[in-house]
1. Compute the signed sum of charges (Lys and Arg +1, Asp and Glu -1) over the other residues within less than 14 Å, Cβ to Cβ, of His102.
2. Just grab the label-to-label distance for Val4 and Leu41, each label 7 Å out from Cα along the Cβ direction, in nm (one decimal).
3. Counting each pair of different Cα atoms once, what's the Kirkwood radius of region 22-115 in Å, rounded to one decimal?
4. Considering only protein heavy atoms, with the full assembly of protein chains and a 1.4 angstrom probe, order Ile35, Ile40, Ile50, Ile60 by accessible area, largest first.
5. Compute the length gained on full extension between Ala107 and Tyr68: take 0.36 nm times their separation in residues and subtract their Cα-Cα distance, giving the result in nm to one decimal.
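The values are calculated or read from the model by the stated rules, or taken from the named source; none is laboratory data. For clarity, every value in this text was computed on a predicted model and none was experimentally measured. Counting neighbours? That spans all protein chains shown, and the Cβs are built from the backbone with ideal geometry, glycine included. Areas reflect the complete protein model, heavy atoms only, side chains present, ligands, DNA and RNA absent. Shrake-Rupley method; radii C 1.70, N 1.55, O 1.52, S 1.80 Å.
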Amino acid sequence: MAAVVKALNAKIRSNPVADYLCSTHFWGPASNFGIPIAAILDTQKSPELISGQMTGALTIYAFTFMRYSLAVTPKNYLLFACHFTNAGAQLRQGYRYLDYHHWGGKARYEQEQAAKGVPSVVKKVAVPTAEAPKDVVAGVSK
């Protein structure tokens, strides 16, 4: 049995493509692509669900391993592409987090949802008063 495994391994390793597809240089990044794919899909969700701490940690992780992928021998460009994609997705999520929680995005989001008539948000939005700016009142009443 050991001879069969040895012969099969030698056959696989003799073909450069098969050798690459059976290596950790391929399967590591291939399985790691789940993180940036999830981050890209999360851009369609509400920004109130974003964790600022986790986004920060994943951004640092992506940049760290992007550098690592080029420091190893041989250079792992698939791993670099994975972490480059992840860094971009995490930076986008970080911007969405900061915009929503610190730069007034929450109020804009609630106004948009109230204008659409989403019942759970309509209750949160303040009733327009005489002091309210006309453009905000017009946006809510549409």
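1. +1
2. Using points 7 Å along Cα→Cβ, the separation is 3.8 nm.
3. Numbers: mean 1/r = 0.0697 Å⁻¹.
Across region 22-115, the inverse of the average 1/r is 14.4 Å.
4. Order by accessible area, largest first: Ile60, Ile40, Ile35, Ile50.
5. Value of the extension gain: 10.0 nm.
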